[in-house]
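The values are calculated or read from the model by the stated rules, or taken from the named source; none is laboratory data. Treat the numbers as computed from the prediction; the structure is a model and nothing was measured. Here the Cβ positions follow ideal geometry from the backbone for every residue, glycine too, while neighbour counts run over all protein chains shown. Side chains are part of the model used for accessible areas, which takes the heavy atoms of the whole protein and leaves out ligands, DNA and RNA. Shrake-Rupley method; radii C 1.70, N 1.55, O 1.52, S 1.80 Å.
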Amino acid sequence: KIGSNHADTARGAAGAARAPSSQDEEVAELTATDEILDRAWVPLKSERNDLNDENVPFFTPIKRSERRYERLRRWKGRSGHVEGMWLVRDACFEPATSSFPVRRASLRDLLEEHTKEDNWLKIVDASTQISRSQVKYRVPGVTVMSRNFAADNTGAHFTFYTIPLMGVMRFATEVLHGDVSLVLPKARIPPLPHRRRLERRQFDHMFLQAQRVLSLDAPVVANMSQGNYVCFDELLSIGRNYYNIISGPEDASYARANVMATTDLHLENECYGPDHDPQDTIYILNRRVYARRILNVDEIVEAVRDVAGPGIKIKVFDSPNAACQNSRGCYGFANCEELWSRNDSTWFNPPCKTIATIDDDIELFNKITFMISVHGAGNANMFWMPRGSVLLEMFPYGVMDRSYITLANYTQTNYFQYRERNSEIADSHFGQHHAEDKIWADNSMRTDIKHLPVKINVQNFRPTLERAFAAWTKGCKTIAS
């Protein structure tokens, strides 16, 4: 669907829901999508008219007196500070200089205070003009642009780019209305096996409502000579540090609706909804890889069983997109024991798949209403958990990242954290003791600490576990309520 007109979703939805059956087919599918991305500009090519080559307006900020400006101001005020946000008409991009020409007088009309420092803007003389013949492509309607989107990220890092950008798309679609497009500096997700199809699929879910997705590195644009432009009728552009513009749980509901529109999944929005079955399972996310694996996970299970009582199930799991060892590439199992319990002859029959898909993660995490997890990328999946769910995040010694508490606040997830103060594993690795803030401030040590396992002091952990369990039984429909 990327690069195409998403208004015609009847055919696209069926194709998007089908996972490729082999790695070769997967790579071919991604390559074809890149070709579509390049071709997406062709219908937007401007007609040349040498007899009517008048000058065109460029980079006209929306005036403060306009209702659109007031709507953006209110939405932005709710969402927090966003560095380098513009809402302008006739924004013309010059690929040769990777910049938007803007007259100095227009800068003061932009929404943000520090726009003059933005290297995407090129200040030009008041006498500068752009003629119609210089405009090679024109994008109609409203276009959302992220100037810093990084399509080569994976996992949680990719999610941190897509979720807030999806929130901006939702604002543009629901508030500004009209034909809404998405343009990115580089929209290609490299076609590497397995992982990249996860990001590609997630991208399609998040930006289902985009009429077209355009990439500024498409050859027809990137190879344009200096003095030629791509112009946008109206451009809502966001710059750096836009993670805090998630507007609230409405964004998660919007994403779930997009997923349900293109799959046969049913996703819950509330953990206490009238149709919700009582919850009876506490999930413990334990990574199959060595990094941040819980060495004493059995002790954690016993502590949970003691706090929750015999009626609550406990499930230790990992992402369905992490292959089980010695499984011959079998995906789709959150718990490897579910795979080992099957006969060898059934390994390659459904539901075992040889291609990973983000839909497995979405379906699983939407069923989870209480998750215990060490800090890591898997916690980004709380975005798919029903509103009011509980996340208990365990921090190894030396890890001081606050990314997930921020996401929890926006998605109305009940968040609890436990910080392991025992430095034995870190001391052994570094050969001496270091304070936590020193480890986190040093890039090399920060990388190392994230690749170490963790052992939790269960006695110290238990009070946090008890508070999290109480919040779960109070806020969600559980059999322990």
Provide a single number: the residues in region 209-227 that are outside any strand (DSSP E or B), open to solvent by less than 10 Å² (accessible area, probe 1.4 Å) and closer than 15 Å to residue 168 by Cα.
1
With respect to the numbered conditions (1) open to solvent by 30 Å² or more (accessible area, probe 1.4 Å); (2) modelled with pLDDT of 90 or more; (3) over 14 Å from residue 371 (Cα atoms), which one is the sole condition not fulfilled by residue 256?
(1)
Take region 389-442 and flag every residue that is surrounded by fewer than 13 Cβ atoms within 10 Å (Cβ to Cβ), under 30 Å from residue 166 (Cβ atoms) and more than 20 Å from the chain's Cα centre (by Cα).
none
Hey, among the residues in region 418-476 that are touching a His at 6+ places or on another chain (Cβ under 7 Å) and not in a helix (DSSP H, G or I), which one's farthest from residue 391 (Cα to Cα)?
423
From (1) among the acidic types (Asp, Glu); (2) open to solvent by 20 Å² or more (accessible area, probe 1.4 Å); (3) more than 26 Å from residue 384 (Cα to Cα); (4) at pLDDT 85 or above, pick out the condition that doesn't hold for residue 94.
(2)
For region 114-155, which positions are crowded, with 17+ Cβ neighbours inside 10 Å, aliphatic (A, V, I, L, M) and not in a strand (DSSP E or B)?
151
When residues of region 377-388 are filtered for being under 23 Å from residue 455 (Cβ atoms) and surrounded by fewer than 22 Cβ atoms within 10 Å (Cβ to Cβ), how many remain?
1
Looking at (1) open to solvent by 40 Å² or more (accessible area, probe 1.4 Å); (2) modelled with pLDDT of 75 or more, which is the only condition residue 338 fails?
(2)
Which condition from (1) buried (at least 19 other Cβ atoms within 10 Å of the Cβ); (2) modelled with pLDDT under 65; (3) over 28 Å from residue 479 (Cβ atoms) is the one that residue 332 breaks?
(3)
Pairs needed: first member in region 397-424, closer than 16 Å to residue 372 by Cβ; second member anywhere, aliphatic (A, V, I, L, M) and open to solvent by 20 Å² or more (accessible area, probe 1.4 Å); C-beta distance under 9 Å; at least 6 residues apart or different chains.
414/471; 415/405; 416/471; 417/405; 419/400
Where a residue in region 86-104 is on the phi > 0 side of the Ramachandran plot and its partner, wherever it lies, is crowded, with 22+ Cβ neighbours inside 10 Å and assigned to a loop (DSSP other than H, G, I, E, B), with Cβ under 8 Å and at least six apart:
90/58; 90/59
For region 53-74, the count of residues that are within 21 Å of residue 91 (Cα to Cα), modelled with pLDDT under 80 and either touching a Ser or Thr at 6+ places or on another chain (Cβ under 9 Å) or not in a loop (DSSP other than H, G, I, E, B) (or both) equals 2
I'm checking my understanding of the structure. Among residues of region 262-275 that are open to solvent by less than 20 Å² (accessible area, probe 1.4 Å) and within 16 Å of residue 413 (Cβ to Cβ), which one is modelled with the highest pLDDT?
267
